[in-house]
Number of protein chains: 2
Amino acid sequence: MDYTQTLNEFCDYLKKIEAYSKVNSLLFWDSMQKIPKAGSPYRANTRGVMAAELFQLQTSGQMRRYLDQLTPVQDKLSDFHKALLRVSRLTYEQNAGIPKELFQEFEGLKAEAMDAWDTAYKNNDYDYFEPYLKKLITLSREITKHLPFNHEPYNALLNLYEEDISTEALDKMFGEIKAAIIPLIKQISDKQTSNPANRLAHRPEFLSRYVPKAAQEKLCLRLCKILALDESKAMLYETTHPFSFTINTNDVRFSTRYDEHDFASAIFSTLHEAGHSIYSLNIPEELNETILGGGASAGFHESQSRFYENVIGRGYEFVSLIYNDIMECLGEYIGPVSLQEMYEGFNYVTPSLIRVEADELTYTLHIIMRYEMEREFINNGVDTARLPIIWNEKIRDYFGLEVPNNKLGILQDIQWSAGRFGGFVSYALGNVYNAQLLNNIKKEIDFNGLVSRGEFHKINEYLKERVHKYSQLYTAAQQIKMITGEEPTPKYFIDYLTEKFSKLYLN
Amino acid sequence: MDYTQTLNEFCDYLKKIEAYSKVNSLLFWDSMQKIPKAGSPYRANTRGVMAAELFQLQTSGQMRRYLDQLTPVQDKLSDFHKALLRVSRLTYEQNAGIPKELFQEFEGLKAEAMDAWDTAYKNNDYDYFEPYLKKLITLSREITKHLPFNHEPYNALLNLYEEDISTEALDKMFGEIKAAIIPLIKQISDKQTSNPANRLAHRPEFLSRYVPKAAQEKLCLRLCKILALDESKAMLYETTHPFSFTINTNDVRFSTRYDEHDFASAIFSTLHEAGHSIYSLNIPEELNETILGGGASAGFHESQSRFYENVIGRGYEFVSLIYNDIMECLGEYIGPVSLQEMYEGFNYVTPSLIRVEADELTYTLHIIMRYEMEREFINNGVDTARLPIIWNEKIRDYFGLEVPNNKLGILQDIQWSAGRFGGFVSYALGNVYNAQLLNNIKKEIDFNGLVSRGEFHKINEYLKERVHKYSQLYTAAQQIKMITGEEPTPKYFIDYLTEKFSKLYLN
């Protein structure tokens, strides 16, 4: 049978789907701008209509027919067409099977649960949130019955964020990380407490000095230039929550926030979102303007943002490179700070209770404990009243800290109230992927030299050619294998952390 | 036959159409923001897909069936449902009949012609633009054959902007305006030239003094407050071309531009766009969230913007009201200017060549001459090489001025290059409508008193109850008749201009 005609029609159909995706992105971007507040529920209506149109296209009988007709001939297709088919099928299977009533009940519940979480968080009142969390877990477990998965239901949720990831792979990965990092944290922590006079025992005071927004903004715009971001294609904005939006191949909008008593926050948010943006801009047009343009996975996207934020941004070469810019823009406010103090300040680590404030060393453990809890309650259910106890035990085990109240514990994140079970692992995978990629990069180019000399055109171009150009053509794990020659492994991440923080804290 | 089911389905179908309209508005709004330039062609793709989806819904076989099934029972319907049917039918008839090839040829031509116009304008080279204009006229004439109209083809184009308007009505209206205003302009002009020492003989110099953007912006934000605009529903922005966008019932975004050597421009653009915005915000939700939410017509919308810009904004009471604000915000830049000087400066009139810079008195004649030319060349065709000669003759007849070159003449407007024949009249109709409404308003409320005291909540509320609440429930002409008891007539506009400018210039 000649499938060319069908394939062409399928591609046209996908172009339409992509146009709707882009519209949905743009509507969401718009909702985060400085716009009239009272219009919000009406904007939600418009977004609802567009999201429903997109959903309809992704799960239609027409889509089913395309999948049925093309799957039998998929081996004859190019990698590009294979990928279109693979991703369309995944989206279809992850959506078409969920009963409409269940879907709507879950959507309604999420809206209520987020409000309830907000109240519970403010009042440090887990009991108030508990029935919502219970229901969210129950419905999520129900939903997994209508999703494709191997071995255990939690894999279905993980796969919404990371194609083909499994608890089997994650258990191994996270087990190795825990085995290496928990002792390292303890060593550093012991050293900090044993010698409180040491300057690395406390967060340097200059990091909290007052720096007006305008000065921070000036610096962040310079950082974009340093990273070789082209303003005609990528623009930096200010929003309450930093993000990066790909509107199209040549239109990426990212943002940071300015805390006048924590200037480093704006710097590292800018670098993080710039990393997402560089990845997006580097995806070639022939993929970027299709359903394959969103990057390999949430975790892989996170690997690129964290590469620019942590590997580059918190590295000694980069801090040296931007030191003069920092002092020119912020010097009058932060006072005299040496390059070494700056570098150490940006890399201050300590066990802490709050994930979003955690440093590069301890961050991944915050993710792992959430993964472990989610896996248990999605697969086997749970007495939700007991969850804070489990939470607090894990904090004690991993960090040696006591959780004084639920606001600083289980209530700290909004994600669960939004029904996002399975999404946290992306952050950990990002760290693992980028360390493995870094190890490879250093074999192929003079990475530290390029950073030291600020040759970001070359770095970005290298990443485009070796990494970014694949976007979602293959899964994240396949790409890691293709690029580095090894399956995803946490060993380079462990080595990276061990080397960097031993040098800083244990010498 | 029971039509209730069909009517409900029709209403649901229209809700979807309206959602697409809103998306298209928002995409257009976005394109005017500070966003990455290089993304423009891709954004155009997305807009193209969404516009095509909207067009498809408006002209589908499904729509045809709704119209066929509901038209026979329309007399039984409520005014609201009648209007939905009327406007849907009009949109259908104005779009469904145009052959696809012709439509696409015209769309393509417009894009080319706008580029050609841009070059021709910069080089003052009408010959370069002429072949494009010729083709635009030819294709527009061809398109009118596929549109509904009475008597003459030009009516078809007029009706794209103003439902049910005809050259018959406009000839009468414009004839009366010309008969009254041309002599008045001549009288004032003669007086200005006869006594060049008189302070009204020249544009006051303070209007051109340097005023930094920040000071102007401060003033314009105050003006929004004075007009009782609620920032949670309507926000002022800055763009190259001022506009007002209705995103939804509670989300109206309007803009102004800041010329640092013409502060009055920002003030009156703000008032003009605020007028559009107040109209939009005053349209009740049950209409605003439907296809009837866009106001009665382009001309009627323009009547409301010009009401706030000219009738209110350039009136003595309003200038008195805001005088202190102007001096507080701008005084250090414009120097000492008395209230009387300010009022006279804002109302400085003189015959001039450029429409967009024309004053309240002469502006309408610029529109009338375009109307006369369009009517002739759309109905009967034209040797386009002769159009500049015709243009220049009209300028001589109406204003007593010589056109030194085509850049200051026929090339000045972008509209024709965009194929917008028939759209200019809205501006003239706006002036006619608002003067007629003003005459009525003054009978019903203490208008001048309310403006003097700055009681804009009351003015806006009055306009909502008496005018704005109808939106597109009836045609503009029907509403003028309903509200004022008279058919649209230019006599109040003529009286208004004669009284105002005789007092200023001829006493």
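The values are calculated or read from the model by the stated rules, or taken from the named source; none is laboratory data. In this text the structure is predicted, and so the values were computed from the model without any measurement. With ideal geometry, Cβ positions are generated from the backbone for all residues, glycine too; neighbour counts draw on all protein chains shown.
What pairs come up if the first residue lies in the stretch B:330-342 and is surrounded by 12 or more Cβ atoms within 10 Å (Cβ to Cβ), the second is hydroxyl-bearing (Ser, Thr, Tyr), and their beta carbons are under 8 Å apart, counting only those six or more places apart or on different chains?
Every condition considered, the pairs that remain are B:Tyr333/B:Tyr210; B:Leu339/B:Ser320; B:Leu339/B:Tyr323; B:Met342/B:Tyr323.
How many of the residues in the stretch B:361-397 are in a loop (DSSP other than H, G, I, E, B) and among the aliphatic types (A, V, I, L, M)?
Count: 2.
Looking for whichever is modelled with pLDDT of 95 or more, farther than 29 Å from B:Gln58 by Cα and buried (at least 24 other Cβ atoms within 10 Å of the Cβ) here; the options are B:Phe300, B:Phe307. Which one fits?
Only one candidate qualifies: B:Phe307.
Between residues in the stretch B:414-438 that are more than 30 Å from B:Phe103 (Cβ to Cβ) and touching a residue at least 40 places away in the same chain (Cβ under 8 Å) and residues that are assigned to a helix (DSSP H, G or I) and small (Gly, Ala, Ser), which pairs lie under 7 Å by C-beta distance while being six or more apart or on different chains?
Short answer, once both residue conditions are applied: B:Tyr433/B:Gly299; B:Tyr433/B:Ser303; B:Tyr433/B:Ala476; B:Asn434/B:Ser303; B:Leu437/B:Ser303.
Could you list all residues from the stretch A:2-13 that are touching a helix residue (DSSP H, G or I) at 6+ places or on another chain (Cβ under 6 Å) and surrounded by 17 or more Cβ atoms within 10 Å (Cβ to Cβ)?
Taking the stretch A:2-13 as the starting set, the residues that turn out to be touching a helix residue (DSSP H, G or I) at 6+ places or on another chain (Cβ under 6 Å) are A:3, A:6, A:10.
A:Phe10, the sole residue that qualifies.
Regarding the stretch B:154-170, can at least one residue be identified that is farther than 27 Å from B:Ile98 by Cα and either at pLDDT 95 or above or touching a strand residue (DSSP E or B) at 6+ places or on another chain (Cβ under 7 Å) (or both)?
The answer is no; no qualifying residue exists.
Does at least one position in the stretch B:122-136 carry a residue that is under 15 Å from B:Gly423 (Cβ atoms) and either at pLDDT 95 or above or hydrophobic (A, V, I, L, M, F, W, C) (or both)?
Taking every residue of the stretch B:122-136 in turn, at least one turns out to be under 15 Å from B:Gly423 (Cβ atoms) and either at pLDDT 95 or above or hydrophobic (A, V, I, L, M, F, W, C) (or both).
How many residues are free of Cβ contacts under 8 Å to residues at least 24 places away in the same chain and of a type in the set (Lys, Arg) when one looks only at the stretch A:347-398?
Summing the residues that are free of Cβ contacts under 8 Å to residues at least 24 places away in the same chain and of a type in the set (Lys, Arg) in the stretch A:347-398 gives 2.
Name, by its number, the condition in (1) touching a strand residue (DSSP E or B) at 6+ places or on another chain (Cβ under 7 Å); (2) within 14 Å of chain B (Cβ to nearest Cβ); (3) part of a helix (DSSP H, G or I) that does not hold for A:Phe254.
(3)
Take the stretch A:101-129 and flag every residue that is assigned to a helix (DSSP H, G or I), in contact with a Leu (Cβ under 8 Å, 6 or more places away or on another chain) and in contact (Cβ under 8 Å) with a residue 60 or more places away in the chain.
A:Phe106, A:Leu109, A:Lys110, A:Ala113, A:Trp117, A:Ala120, A:Tyr121, A:Tyr126, A:Phe129
Out of all the residues in the stretch A:98-151, which are among the small types (Gly, Ala, Ser) and buried (at least 16 other Cβ atoms within 10 Å of the Cβ)? I'd like the intermediate steps shown before the answer.
Step one: list which residues in the stretch A:98-151 are among the small types (Gly, Ala, Ser), which gives A:108, A:111, A:113, A:116, A:120, A:140.
Across the stretch A:98-151, the qualifying residues are A:Ala113, A:Ala116, A:Ala120, A:Ser140.
Test each condition in (1) in contact with an Asp or Glu (Cβ under 7 Å, 6 or more places away or on another chain); (2) more than 14 Å from chain B (Cβ to nearest Cβ); (3) closer than 23 Å to A:Phe318 by Cβ for A:Pro148 and report the one that comes out false.
(3)
Can you spot a residue in the stretch B:154-168 that is touching a Leu at 6+ places or on another chain (Cβ under 9 Å), outside any helix (DSSP H, G or I) and either free of Cβ contacts under 8 Å to residues at least 60 places away in the same chain or polar (S, T, N, Q) (or both)?
Yes, because at least one residue in the stretch B:154-168 is touching a Leu at 6+ places or on another chain (Cβ under 9 Å), outside any helix (DSSP H, G or I) and either free of Cβ contacts under 8 Å to residues at least 60 places away in the same chain or polar (S, T, N, Q) (or both).
For the stretch A:334-351, name all the residues that are modelled with pLDDT under 95 and of a type in the set (S, T, N, Q).
A:Thr350 - this is the single residue of the stretch A:334-351 that is modelled with pLDDT under 95 and of a type in the set (S, T, N, Q).
Which pairs do you get when a residue that is touching a residue at least 40 places away in the same chain (Cβ under 8 Å) and closer than 10 Å to B:Ile334 by Cβ, found in the stretch B:199-216, comes within reach of a residue that is hydrophobic (A, V, I, L, M, F, W, C) and part of a loop (DSSP other than H, G, I, E, B), reach meaning Cβ atoms under 7 angstrom, with the pair 6+ apart or on two chains?
B:Phe206/B:Val337
With the checklist (1) surrounded by fewer than 16 Cβ atoms within 10 Å (Cβ to Cβ); (2) modelled with pLDDT of 95 or more; (3) under 30 Å from B:Gln104 (Cα atoms) in hand, flag the one item B:Ser426 doesn't pass.
(1)
Can you tell me which residue within the stretch B:187-234, out of those that are assigned to a helix (DSSP H, G or I), in contact with an Asp or Glu (Cβ under 7 Å, 6 or more places away or on another chain) and not hydrophobic (A, V, I, L, M, F, W, C), is nearest to the other protein chains (Cβ to nearest Cβ)?
Looking at residues that are assigned to a helix (DSSP H, G or I), in contact with an Asp or Glu (Cβ under 7 Å, 6 or more places away or on another chain) and not hydrophobic (A, V, I, L, M, F, W, C), I get B:Lys213.
Could you tell me which of the residues A:Ser297, A:Ser303, A:Ser244 is among the hydroxyl-bearing types (Ser, Thr, Tyr) and within 14 Å of chain B (Cβ to nearest Cβ)? Talk me through it step by step, then tell me what you get.
Numbers: A:Ser297 fails: within 14 Å of chain B (Cβ to nearest Cβ); A:Ser303 fails: within 14 Å of chain B (Cβ to nearest Cβ).
Unique residue meeting the criteria: A:Ser244.
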